[in-house]
Amino acid sequence: MGPLRAAADMTRLYFQNPLNPWTHTEVGKSIAAGCEVLERMTRRYGKPEFGIPETTVSGVKVPVRENIVWSRPFCDLIHFERATNKGKNDPKVLIVAPMSGHYATLLRGTVETLLPKAEVYITDWIDARMVPLADGKFDLDDYIDYLISMLHFLGPDTHILGVCQPSVPVLAAVAVMEGRDDPYVPATMTLMGGPIDTRVAPTAVNDLAMRKGIDWFKRNVIMQVPFPHPGFMRNVYPGFLQLSGFMSMNLDRHVTAHREFFQHLVEGDGDNAEKHREFYDEYLAVMDLTAEFYLQTVETVFIEHSLPMGTMMHGDTPVDCSRIRRTALLTVEGEKDDITGRGQTRAAHDLCTSLPDDMKVHYEQPSVGHYGVFNGSRWRAEIAPRVLDFMRSNPSAARKIDRPKSAAAPGAKTQPRAAEVASKTPSVAVQPERKSADALEEILLASPRGVADDLKAISGVGPKLEAALNEAGIFHYWQIAGLTDQQIEALDSKLDFRGRMERDKWIEQAKSLSETVS
């Protein structure tokens, strides 16, 4: 289409030239308008910009700067840094953008609405055709690992928000972290218009996957990236196929929009024509997905229903949503959603059986479709305030579980065991205060979770200190990285570190090492 597009663009310019007498005729205007419509429909649109230069915090406009704070071959984590000291206690929100064809900029309105009241981070997924084959594969398991790694990077008391497709990996990531007693489990997770259980009110998208089967998708929608793209020879699900699927679901509406665009151009209605350009510049910008991620998602979510059936695996680890007990859950659906049927997202509540009712909330927004759940006037006026209120009502995951001894997580030390270990360690001065022992109770382990980390990698920790930490029940970087001030004080007194943890910055080092390991 390249030569045809170039010819159309040249013709458009010819019939828009003010020196051309045809420019001011109905015929000339119609030819120019038709050429612009053709050129725009066949153009490859690049990745749009977020373009959020400022926001309003406490009634004051402040600049906003985009910073990439975490990066992997298939994703960057962008922080929208607000240039103000106000709002330090605002929720820290990780927005997980869909990896389903469109770029993360599709959630620009989501970010803009949350910025005045939250510290916002967003996943910026990389176009698979731009990732060299040497950087390896990327599948649904890697997606979940990326989310866990980001949560480790952001630290405790993060709020995670998954829009549409990410709802499944977000829920799976939290379940896996809870199964490990990970201290960086998010305080809340908000799932919006996501296909948790596609057996509930199936849509055309769900029916297609069930009717065709995974072999059909492998044969018909997987292609190799052509030269000269950096991802040459990588197997991908092309973005233009996903876009074709999106547009075919509402084809009449798109045909009408382009016909009206043509008419606006002929009539010289610049304002309405520019609105059309702005929308479709975003809508028609698509990215390729790795074949392994796309096929695994189709099979796991839409064909086998692995998550609601309880058969989903993350590597060798079962994804058990009943292990979720510290992360509060909010689900949001649109009444007229024709992509994710009503009830598909709410199904997450039935899977999180260990969460008490006061930590689970569902909201259905009347009179909105799929995109209205996270963008537009209803999102700004009715949905976003509820999301922010839910986050502020559940600021921390650490305080939420007051388990009796019999309900302690598998492998976690109970109080008698911790005291027993301490009493058998000659070099350990046991702290008599019950409060300090209770503070350490949540972080100590009876044995390593898998292979113990090399704590000597922390500057200031030698073989003797490592042995003392192991004796006390600390084997991993994440245990040290997740220590609270009270736990640091208790451990300092218990092992007589004399302020060494703070002086040598163990917490910062352990956090960095934990991120590397994850």
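Things worth noting here:
- Ordering of 131-137, 6-12, 294-300 by packing [mean C-beta count within 10 Å, highest first]: 294-300, 6-12, 131-137
- Flagged links, alpha-carbon separation over 28 Å, of 464/511; 456/494; 47/360; 88/360: 47/360
- Amide H to amide H, with H built 1.01 Å from N, residue 158 comes under 5 Å of 187, counting only residues 5 or more places away or on other chains.
- Electrostatic dipole magnitude of the range 220-360 [Cβ: Lys, Arg +1; Asp, Glu -1; Cα centre; debye, to 20]: 420
- Amide H to amide H, with H built 1.01 Å from N, residue 54 comes under 5 Å of 64, counting only residues 5 or more places away or on other chains.
- The range 62-140 and the range 304-368 have Cα centres spaced 23 Å apart.
- Once both labels are positioned 7 Å from their Cα atoms along Cα-to-Cβ, the gap between residue 456 and residue 227 label points is 5.1 nm.
- Heavy atoms of residue 269 accessible to a 1.4 Å probe, total area in Å² rounded to 10: 50
- Taking all protein chains together and rolling a 1.4 Å probe, residue 475 ends up with roughly 20 Å² accessible.
- Between residue 199 and residue 19, residue separation times 0.36 nm minus the direct Cα-Cα distance comes to 58.6 nm.
- If R0 is taken as 45 Å, the Cβ-Cβ distance between residue 251 and residue 386 corresponds to a FRET efficiency of 0.85.
- Sorted on the mean count of surrounding Cβ atoms within 10 Å across their residues, most packed first, peptides 158-166, 338-346, 307-315 read 158-166, 338-346, 307-315.
- The modelled label-to-label distance between residue 214 and residue 69, using points 7 Å beyond Cα along the C-beta direction, is 3.7 nm.
- Debye equation applied to the C-alpha atoms of the range 463-504, log10 I(q)/I(0) at 0.16 Å⁻¹: -0.36
- By accessible area with a 1.4 Å probe, ligands and nucleic acids excluded, highest first: order of 476, 229: 229, 476
- Residue separation of residue 240 and residue 54 scaled by 0.36 nm, minus their Cα-Cα distance, works out to 63.7 nm of gained length.
- Peptide ranges 194-200, 168-174 listed from the most packed, as the mean C-beta count within 10 angstrom indicates: 168-174, 194-200
- Shape of the range 1-140 from the C-alpha gyration tensor: oblate (a/c of 1.5 or more and a/b not above b/c, with a ≥ b ≥ c the square roots of its eigenvalues).
- Shape of the range 34-78 from the C-alpha gyration tensor: oblate (a/c of 1.5 or more and a/b not above b/c, with a ≥ b ≥ c the square roots of its eigenvalues).
- Carbon plus sulfur fraction of accessible area for the range 189-240, probe 1.4 Å, in percent: 61
- Label zone (residue 362, point 7 Å along Cα-to-C-beta; backbone nitrogen cut-off 12 Å) within the range 374-399: none.
- Take residue 123: with every protein chain present and a 1.4 Å probe, its accessible area is about 0 Å².
The values are calculated or read from the model by the stated rules, or taken from the named source; none is laboratory data. Bear in mind the structure is a predicted one, so any value in this text is a computation, not a measurement. So basically every Cβ, Gly included, is an ideal-geometry build from the backbone, and we count neighbours across all protein chains shown. Ligands, DNA and RNA are stripped out before the accessible areas are found, and what is left, the full protein with its side chains, is counted by its heavy atoms. Shrake-Rupley method; radii C 1.70, N 1.55, O 1.52, S 1.80 Å.
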